[in-house]
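This report refers to the structure that appears directly beneath it.
The values are calculated or read from the model by the stated rules, or taken from the named source; none is laboratory data. Everything numeric in this text was worked out from a predicted model, so none of it was measured. Counting neighbours? That spans all protein chains shown, and the Cβs are built from the backbone with ideal geometry, glycine included. Surface areas here come from the heavy atoms of the whole protein model, side chains and all, with no ligands, DNA or RNA. Shrake-Rupley method; radii C 1.70, N 1.55, O 1.52, S 1.80 Å.
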Amino acid sequence: MSVILVFLLVIAGFAGWWLSHQRLMAKPWLEQGLASDFVGLDRSALPTAKIGLGVFLAVVGCLFALFTSAYFMRMAVSDWQPLPLPRLLWLNTGVLVLSSVALHCTSVAARRGQIDTVRLGLATAGLTTLAFLVGQLMAWRQLTADGYFLASNPANSFFYLITGMHGLHVLGGLVALGRTTTSAWAGTRPERLRLGVELCAMYWHFLLFVWLAIFALLAGWAATFIDICRQMLT
Amino acid sequence: MAVALVLVLIVVGSVLFHLLSPWWWTPIASNWAYIDNTIIITFWITGVVFAAVVLFMAYCVFRFRHREGNRAAYEPENKRLESWLTIVTAVGVTALLVPGLFVWSRFVNVPSDATEVEVVGQQWQWSFRLPGRDGKLGTSDTRDVTADNPLGVIPKDPNGQDDVVVEAADLHLPVGKPVKMLLRSIDVLHDFYVPEFRAKMDMIPGSVTYFWFTPTRTGTFQVLCAELCGQGHPMMHGVVMVDTQQDYMAWLGQQQTFAQLSAPKQTGSADETTGQTAALGPEIAARLETVGSR
Amino acid sequence: MVDITPADGIPPAEVAEVELYHPHGWWTKYVFSQDAKVIAVQYSATATAIGLVALVLSWLMRLQLGFPGTFDFITPEAYYQFITMHGMIMVIYLLTALFLGGFGNYLIPLMVGARDMVFPYVNMLSYWIYLLAVLVLVSSFFAPGGPTGAGWTLYPPQAIMSGTPGGQDWGIILMLSSLILFIIGFTMGGLNYVVTVLQGRTRGMTMMRLPLTVWGIFTATVMALLAFPALFVASVMMLLDRVLGTSFFMPAISEMGEQLQHNGGSPILFQHLFWFFGHPEVYIVALPAFGIVSDLISTHARKNIFGYRMMVWAIVGIGALSFVVWAHHMYVSGMHPYFGFFFATTTLIIAIPTAIKVYNWVLTLWRGDIHLTIPMLFALAFIVTFVNGGLTGLFLGNVVVDVPLSDTMFVVAHFHMVMGVAPILVVFGAIYHWYPKVTGRMLDETLGRFHFWVTFLGAYLIFFPMHYLGLMGVPRRYAELTDMTIMTESAHHLNSFISIMAFIVGFAQMVFLFNLIWSIRHGREAGGNPWRATTLEWQTPQTPPAHGNFGKDLPIVYRWAYDYSVPGAKEDFIPQNMPGSFGPSREPA
Ligand code: HEM
Ligand SMILES: [Cu+2]
Ligand SMILES: [Cu+2]
C-alpha cells in the first residue's frame, strides 16, 4: 500500500497548500463586512472546468496508484512470472506521445486564434490516439497468440487489467475530443473552443504520464528502481 | 425538564445495567487475563467520560432551556479550556493505549517453549495436527489435499510422517503448557475462536497464521468459527478439551499418525478409523440442504 | 480598517458563470432535471426507498436471532443474503447517497450562495447512474440463486465460491457491478460538490465563513473521491477472478474435496483494498453528520458554535488521519502482527480530534438558550449515541482488546451506534430542520416527538445491551444461535427483547414516513426562516427556493455563519448577508 500512501501524501500536500491560503487561523467572528482583502480568497482565477478536471485527474491518479499498489503486493507471491512485453508497446508509446504533442500545439494555436491549425491539431490528435488504441489491441492479440492468457499468470492478469483500464480512460477522452473537434468545425465561440482544447490537452498529458508510469511498472523497471532505492537506503 | 431527566436516566440505567446484568464474559481459561484487565481499564475510563458528557448535557438542558426573555451568552471560543480538554483527552487515550500495546507485544511474541499445534479449517469443520516424536510438523500444501490426505501434508516430507492427525474430531491440550496454534485453511477464511481463551485469529488459505496461549484450567470448551465462511458458518463448532498431563498422554496414545493413515488400508481397524472420523463438513452440508428444502 | 458597506466601490453580485440551464417541460423540470434541488430530492427519495428494504431485512434478521427456529423460511442462506444486503444498502446506498447526494446537493449551492452546482449536467447523470446502481442491486433479489450472502465486506475467497449464497450464481456479479456503477455515479456527483465549494461561493463567502455543514460534506466528498477508487479496484479485480478465472485474490483452494483452478492469490490484498475504502467510508458518513449537527445545535441553542476554528481543523484532521487507520479492521486477519502497534496508535490518535468535536458541541449548549425543538432533540440524541459508540470504538481500536471482541456482537453494537444510529439520528434532525425549506411547510410536531422518543430510546435499548452479548463471546453473522455453550438462557431472552425493540423502532419509522407525506399538504405554513437561522439557505426570496435559488442578485456575505445572540444586536441572530457591524469588541478585518 506504499504507492497509494505516497500518492495521497502528494494530494495532501496540495490540499495543505490550498488550505494554508484560506486563513484557517483567522477568527471569523471578528471579521465583519466585505473587506477587500477577502476578495482574493473567494475563488481561484482558473476556469471552473479546469479545476473540475484537475479534481477528476486526482481521482484517476488515485485509481492507478491503487492498481500499482495491488500489483506490487501480488508480485511478492512466488507464482509471479513476468511476461515479455511486446515490442509494439514502444511504437504505441511513440504514437501516444505524438497525440499529446499535437494537442499541445493545438492549444497554443487556440490561444493565438489560428482556427485552421486547431482543426489540424485536433484531427491529428484524434487519429494518433485511435492508432494508439488499435496498437494496444494488437499488443493484446500478440500476447494471446503467444499463449499469455489473462488467467494463466497474475503478471498477465495485471497487464491486461491495467492496460485495459488505461485504454478505457483514453476512450473516454476520445469522446470529449470528438465533441471539441465537432465544435471546432461548427464554429463555436473562440474562448469556448480554447477551453475545450486546453482541457483535452490537460487530460492527454495526464494519460500520457500515466501510461509512461504503468509502462515502467509492467516492464519491471519500477520494481528494479525501487529495489535500488531500497538498497541505497540500507 | 423531561429531556434532562431522560438523559440522567440513560446514564444511571447504563451504569446499573453494566453492574447488575447477568451478561458478562465467560470465566477465563487461559493466561490472557491481561486482556481482561485492559478491558476493565477501558471500561473505567470510557464509563467516566460517557457519564461526564451526558450528565453535563443534562445539566445544560435543564439550566439553559429556553424561557421567555432568555438570551444566550456570546463566547466564540476559549483557548485555555480547549487546550486543557485536549491535554486531558490525550492523557486518557495514552492511558488506554500504553497498557494495550504492552499486552499486544506479549500476544505476538511466542515463548520459545510453546509446543506447536496446527489447526486446519475447512467448510465446515475443524481438524488438527500435532507434531510427532520428532517435535516438528511436516510441511503442507493445499494442492496435496486428497481424500486420504485431508490436511494436505506433503507426503515426501519426512518430518510429516509421524505427525498426529486428528480429522474432524476433538482437540486435546495439556493444561499449563504454552501452545502456539498454527492456523491454516484449505478453502476459505475461517477464524479459530474459543471465547474462554480470549484469543482468536483468522485462518487464510495459502498462508499460516498463529496465536499462542497457555490453558490454565481443565475443561471442555467450544470452538466457534468467527469469520463468515459460507452457509455452514454458524454450525462450524468444534471442541477443545484441556486435560491433565496424564489424560492428555492417554488421548495422544490413541491417535493415528499421518503415516498410519496414509498406509494402504488392509486391516479392519484402519477402516474403523475412517468410519469414525466421518467428516462433519458433509454432514453440515446435508443438514443445510434439508433446511433449504423446507 | 473600517467596515465596508455595500454602497460604492463594490461590484454588484456577479451573475453565475455557468449559464443557467432552463428547463422546458415537465420532464426536464421534474425528471431529467439539472437543478441540484430536484436532484437532491430524487437522491433522497431513492435512498429512502432502498433504505426501507434494508429496514425490512433487519426485521427478518432480528426475527431469526430473537426467536431461533421459529421461522423456517429464514434459512442460513437467506440470513446471509439479508445481512449482506442490509449492511451494503445501509452504508452505501442509503447513508452515503443521502448525505452527499441528498443533503450535499440541496445544501451546498444554497449555503455557499450559488445558483446551482457548477456542472449541472454531470450532476444529473450522477443521479441516474446511482438509480441504475440501485436497480442492479435490487435485481439481484430476483436473480437465480438470489443476492450474495458474503457479508457486506465481500471477503474472497468465499465471496465467489459455491459455499456462499450467490457466490457461483448471479448474486456477487450483480453486487460488484452495482458497486462499480455507484462509484462512477458518485464520482460525477462528487466532482460537483467539491468544485462548487471551491468555485461557486458567492462574494464574501470565504472558507472560514462557511457553515460547518458545508465543511463536513466537502471534506467527506474529498475523502470519498479518494477512497472509493479502492473499492472500485477491489471490485473489478474480484469480478475478473469470478468471471474470467484470474487469481488476484484467489489462492490454491481445495473446496469440498475438489481442487479449484486458482493459484497464489492473496485474500489479504482484498482486505487491505476494501478497508482502505471502508474505514474512510465510516467518516464519509460521519463527517456530514458532524457538520449538520453542529449547525442544528448552534441554531436551536441560539448560540454560536463553540470553537469554530477547532471544529474546522478537527474535520480536516479527522479526514486526513482516517486514511492511515484502515488496518484496525484487520487486527485478527492474520496480517503481520507488528502492524498492530502502528494502527492502534493512529486509531487512538483520531479519538482526540473526535473528542474535541464532542466537547465543543456540549460547550455550545453551555449558557445557551436551548429551544427543545425536534431537530435539537435529535441533535442531543446524536451526541449521546455517538459518544457511546465512539467510546466503544476505543475498545476495538486498542489492538489487544479487539482480539476477544472482534467479530462478535460487540462489534455489531459498536458500529450500529456510531455509524448506524448516530448518523441516522442526524438525518432525522436535518429533515425536521430543512423540510420547511424544501416544502414550505413544517412537519407535524406531535408525530415528530413520538418518532423521536421511540427511535432514540428504542435504538439505545437495541444496541446498548448487545455489547454485553459480544463481551460474552456471541459471534456476529451467526444465522443460528443454537448449541452455543457460552450462551445462557437469559442471553436468549435478551435477544428476544432486542428483536422486539427493533420492531417497535421500525414501526416508528412508518409514522415518520407518514408525517413526511402528510405534511407536504397539511403541515403548518413555515415561512421563509422558521428557525430564525443565519445561513444563506434561509434567506432565499422564495420558499421553496426557485430555480437559480436567489432571485436576480446573488447574496453578498458579510459575516460568518454563527452570529447568534451577538451582544448589541437587536435580534438574536444576524443573517450572513446582512451588512453592518455589531458587537462590542469586534475588530474589523
Ligand atoms: C434499527 C435499525 C437496525 C437494526 C435492527 C439492524 C439490525 C442488524 C442486524 C440484526 C445485523 C446482523 C448482525 C449479525 O448477525 O451479524 C445487522 C448488520 C449490519 N447492519 Fe444493521 N440494523 C439496523 C440499522 C442499521 C443502520 C442504520 C446501518 C447503517 C450503517 C446498519 C449497518 C449494518 C451493517 C454494516 C451490518 C453488517 C453486515 C454484515 O455483517 O455484513 N444497520 N444489522
Ligand atoms: Cu466460519
Ligand atoms: Cu475503521
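When the range B:118-141 is filtered for residues that are surrounded by fewer than 22 Cβ atoms within 10 Å (Cβ to Cβ) and either within 19 Å of residue B:225 (Cβ to Cβ) or at the interface with another protein chain (Cβ under 10 Å from one of its Cβ atoms) (or both), only B:141 remains. Among the residues making up the range B:186-221, those that are outside any loop (DSSP other than H, G, I, E, B), over 11 Å from the mean Cα position of the chain (by Cα) and at the interface with chain C (Cβ under 9 Å from one of its Cβ atoms) are B:203, B:205, B:209, B:210, B:220, B:221.
Just one residue in the set C:347, C:364, C:354 is in contact with a His (Cβ under 6 Å, 6 or more places away or on another chain), facing chain B (nearest Cβ under 10 Å) and more than 16 Å from ligand 2 (Cβ to nearest atom); that residue is C:347. Of the candidates C:274, C:248, the single residue that is under 23 Å from the mean Cα position of the chain (by Cα) and more than 11 Å from chain B (Cβ to nearest Cβ) is C:274.
Can you tell me which residue among C:208, C:256 is under 30 Å from residue B:140 (Cβ atoms) and either touching a Ser or Thr at 6+ places or on another chain (Cβ under 9 Å) or within 14 Å of chain B (Cβ to nearest Cβ) (or both)? Every option except C:256 fails the conditions.
If you filter the range C:461-509 down to residues that are open to solvent by 20 Å² or more (accessible area, probe 1.4 Å), hydroxyl-bearing (Ser, Thr, Tyr) and touching a residue at least 24 places away in the same chain (Cβ under 8 Å), you find that the one that is nearest to the other protein chains (Cβ to nearest Cβ) is C:482.
In the range A:160-180, the residues that are farther than 13 Å from residue A:199 by Cβ reach residues that are polar (S, T, N, Q) with C-beta atoms within less than 7 angstrom, at least six apart or across chains, in these pairs: A:163/A:136; A:167/A:136; A:170/A:129; A:174/A:129. Does the range C:303-315 contain any residue that is within 16 Å of ligand 3 (Cβ to nearest atom), open to solvent by 10 Å² or more (accessible area, probe 1.4 Å), without any contact (Cβ under 8 Å) to a residue 60 or more places away in the chain and assigned to a helix (DSSP H, G or I)? Within the range C:303-315 (the criterion being within 16 Å of ligand 3 (Cβ to nearest atom), open to solvent by 10 Å² or more (accessible area, probe 1.4 Å), without any contact (Cβ under 8 Å) to a residue 60 or more places away in the chain and assigned to a helix (DSSP H, G or I)), the answer is no, since none of the residues qualifies. Within the range C:323-344, being open to solvent by less than 10 Å² (accessible area, probe 1.4 Å), assigned to a helix (DSSP H, G or I) and more than 8 Å from chain B (Cβ to nearest Cβ) holds for one residue alone: C:327. Considering (1) hydrophobic (A, V, I, L, M, F, W, C); (2) within 16 Å of ligand 3 (Cβ to nearest atom); (3) more than 7 Å from chain B (Cβ to nearest Cβ), the lone condition that residue C:395 does not fulfil carries the number (3).
Please determine whether any residue of the range C:87-98 is buried (at least 19 other Cβ atoms within 10 Å of the Cβ) and farther than 30 Å from residue C:469 by Cα. Checked the range C:87-98: at least one residue is buried (at least 19 other Cβ atoms within 10 Å of the Cβ) and farther than 30 Å from residue C:469 by Cα.
This table checks each residue for (1) at pLDDT below 90; (2) within 16 Å of ligand 2 (Cβ to nearest atom); (3) among the aliphatic types (A, V, I, L, M).
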{"site": "B:197", "(1), (2), (3)": "no, no, no"}
{"site": "B:210", "(1), (2), (3)": "no, no, no"}
{"site": "B:216", "(1), (2), (3)": "no, no, no"}
{"site": "B:229", "(1), (2), (3)": "no, yes, no"}
{"site": "B:236", "(1), (2), (3)": "no, yes, yes"}
{"site": "B:250", "(1), (2), (3)": "no, no, yes"}
{"site": "B:258", "(1), (2), (3)": "yes, no, no"}
{"site": "B:263", "(1), (2), (3)": "yes, no, yes"}
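Conditions (1) more than 29 Å from residue A:194 (Cα to Cα); (2) modelled with pLDDT of 95 or more; (3) within 11 Å of chain C (Cβ to nearest Cβ); (4) assigned to a helix (DSSP H, G or I), marked per residue:
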{"residue": "A:15", "(1), (2), (3), (4)": "no, no, yes, yes"}
{"residue": "A:37", "(1), (2), (3), (4)": "yes, no, yes, yes"}
{"residue": "A:49", "(1), (2), (3), (4)": "no, no, yes, yes"}
{"residue": "A:60", "(1), (2), (3), (4)": "no, yes, yes, yes"}
{"residue": "A:79", "(1), (2), (3), (4)": "yes, no, yes, no"}
{"residue": "A:83", "(1), (2), (3), (4)": "yes, no, no, no"}
{"residue": "A:86", "(1), (2), (3), (4)": "yes, no, no, no"}
{"residue": "A:106", "(1), (2), (3), (4)": "no, no, no, yes"}
{"residue": "A:116", "(1), (2), (3), (4)": "no, no, no, yes"}
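Annotation note: of C:458, C:470, the sole residue that is in a helix (DSSP H, G or I), assigned by TED's automatic domain parsing to the domain that holds residue C:420 and in contact with a strand residue (DSSP E or B) (Cβ under 8 Å, 6 or more places away or on another chain) is C:470.
Any residue at all in the range C:90-98 that is more than 14 Å from chain B (Cβ to nearest Cβ), closer than 28 Å to residue C:244 by Cβ and more than 14 Å from ligand 1 (Cβ to nearest atom)? No, the range C:90-98 contains no residue that is more than 14 Å from chain B (Cβ to nearest Cβ), closer than 28 Å to residue C:244 by Cβ and more than 14 Å from ligand 1 (Cβ to nearest atom). Tally up the residues in the range B:66-117 that are aromatic (Phe, Trp, Tyr) and at the interface with chain C (Cβ under 8 Å from one of its Cβ atoms), please. Final tally of qualifying residues: 3.
Anything in the range C:237-278 that is touching a residue at least 24 places away in the same chain (Cβ under 8 Å), closer than 21 Å to residue C:323 by Cβ and more than 16 Å from ligand 2 (Cβ to nearest atom)? List them, or say none. Those that are touching a residue at least 24 places away in the same chain (Cβ under 8 Å), closer than 21 Å to residue C:323 by Cβ and more than 16 Å from ligand 2 (Cβ to nearest atom): C:237, C:268, C:270, C:272, C:273, C:274, C:275, C:276, C:277, C:278.
Restricted to the range B:175-195, and to residues that are open to solvent by 10 Å² or more (accessible area, probe 1.4 Å) and touching an Asp or Glu at 6+ places or on another chain (Cβ under 7 Å), which residue is nearest to ligand 2 (Cβ to nearest atom)? If we take residues in the range B:175-195 being open to solvent by 10 Å² or more (accessible area, probe 1.4 Å) and touching an Asp or Glu at 6+ places or on another chain (Cβ under 7 Å), then B:184 is nearest to ligand 2 (Cβ to nearest atom).
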